[in-house]
Amino acid sequence: MKKGYIISLIILMLGIFFFLFYKEGTMPFSKEDNSLKIFVIERGAPLQTIVNNLEKNDLIRNKIVFFLIVRQLGLERKIQAGDFRLSPSMNAYEIANTLTHGTLDLWVTLIEGTRREEMAQIISRELNIPEVEFIKESEEGFLFPDTYLFPKDASAGSVISIMTNNFDNKFTESMKNKAEKKGLTLEEAVTLASIVEKEARKESDKKIVAGILLKRLEEDWPLQVDATIQYGLGYQSAEKSWWKTTLSFDDLKIDSPYNSYKNKGLPPTPICNPGLASLNAVVEADSSTPYWYYISDKKGNMHYAKSDEEHQANIDKYLK
């Protein structure tokens, strides 16, 4: 009887301790501090990281209790990426619920090699900005592909400004000087980089391909790049893509300034928005490369050739 009484007393004490522990953990970090802090949740951040950052920013009292609240309310999969206005005067329940809605900004990822129409589709979906506005105000090639935190109420102009400012920061004066030494203006360097972006997947191949294309330009050869024709052909309704998968012989004959089989030199504009690796490949390109030709096999591996005979042999071996 005495033993049972002791066990019951221990259970009661543990219950009281847990209640007080939980109650204290749900309270605001500081009731008197009504200041607002911008709290950022990175896209894909695990719950553990989010909770640790809340504690580091003095927004919650107890990580364990906050975990329990999130689980209790079933909010694990409802917490959004973005940034939030939070205050130390908010209790744990208020903070947990705020993280599921009301983000000030939204994370948007725009990948290398996409043309502005493709970017416009993503921007429209994420920020409700009309595609036509984004396309009308933007310039192909200078919309730097990256992961951005855009304001929810951003305009097409402000989004474009953020992206082009990012380009200006990434494409440094040193890179511009290197491009000029190769006889390339900024626009020409970006246009060449946009072609490299579509032609070479691997970073190790980009500089070699850039060297071959630069060599062709210097020797007044046509570039003969499929990607420029794909750009000129535009949207393919049957494939629901801006890039036609397989070009026909008729496609190679189209009358377009983007037909680099018929026209020498660079196309009039970039054909996509290149990433930093492709931009670097162009400014570091070596036009004294022994190669004149390249192909990409079905696995994305590049094969180079010094002569037309070697090039044809590569085609027969890897593409047929």
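General remarks:
- Criterion: free of Cβ contacts under 8 Å to residues at least 24 places away in the same chain and more than 30 Å from residue 233 (Cβ to Cβ) - qualifying residue of 32, 55: 55
- Candidates 158, 124, filtered to the one that is surrounded by 15 or more Cβ atoms within 10 Å (Cβ to Cβ), free of Cβ contacts under 8 Å to residues at least 12 places away in the same chain and farther than 21 Å from residue 190 by Cα: 124
- Of all the listed residues (100, 49), the sole one being within 28 Å of the chain's Cα centre (by Cα), of a type outside the set (Phe, Trp, Tyr) and surrounded by 14 or more Cβ atoms within 10 Å (Cβ to Cβ) is 100.
- Qualifying residue in segment 233-254 (condition: in contact (Cβ under 8 Å) with a residue 24 or more places away in the chain and closer than 26 Å to residue 184 by Cα): no
- Residue 302, sole failed condition from (1) surrounded by fewer than 18 Cβ atoms within 10 Å (Cβ to Cβ); (2) at pLDDT below 95; (3) under 26 Å from the mean Cα position of the chain (by Cα): (1)
- Residue in segment 166-184 that is within 29 Å of residue 83 (Cβ to Cβ), buried (at least 18 other Cβ atoms within 10 Å of the Cβ) and touching a strand residue (DSSP E or B) at 6+ places or on another chain (Cβ under 7 Å) present: no
- Residue tally, condition within 23 Å of the chain's Cα centre (by Cα) and over 20 Å from residue 114 (Cβ atoms), over segment 192-248: 2
- The one condition in (1) out of contact with any helix residue (DSSP H, G or I) (no Cβ under 7 Å at 6 or more places or on another chain); (2) outside the structural domain of residue 32 (by TED's automatic domain parsing) that residue 87 fails to fulfil: (2)
- Tally, over segment 126-160, of residues that are polar (S, T, N, Q) and within 19 Å of residue 271 (Cα to Cα): 1
- When segment 267-293 is filtered for residues that are in contact with a Leu (Cβ under 7 Å, 6 or more places away or on another chain) and surrounded by 21 or more Cβ atoms within 10 Å (Cβ to Cβ), the ones remaining, listed by number, are 273, 282, 285.
- Selection within segment 293-320 - in contact with a strand residue (DSSP E or B) (Cβ under 7 Å, 6 or more places away or on another chain) and in a loop (DSSP other than H, G, I, E, B): 297, 319
The values are calculated or read from the model by the stated rules, or taken from the named source; none is laboratory data. Treat the numbers as computed from the prediction; the structure is a model and nothing was measured. Neighbour counts are summed over all protein chains in view; Cβ atoms, including those assigned to glycine, are modelled from backbone coordinates with ideal geometry.
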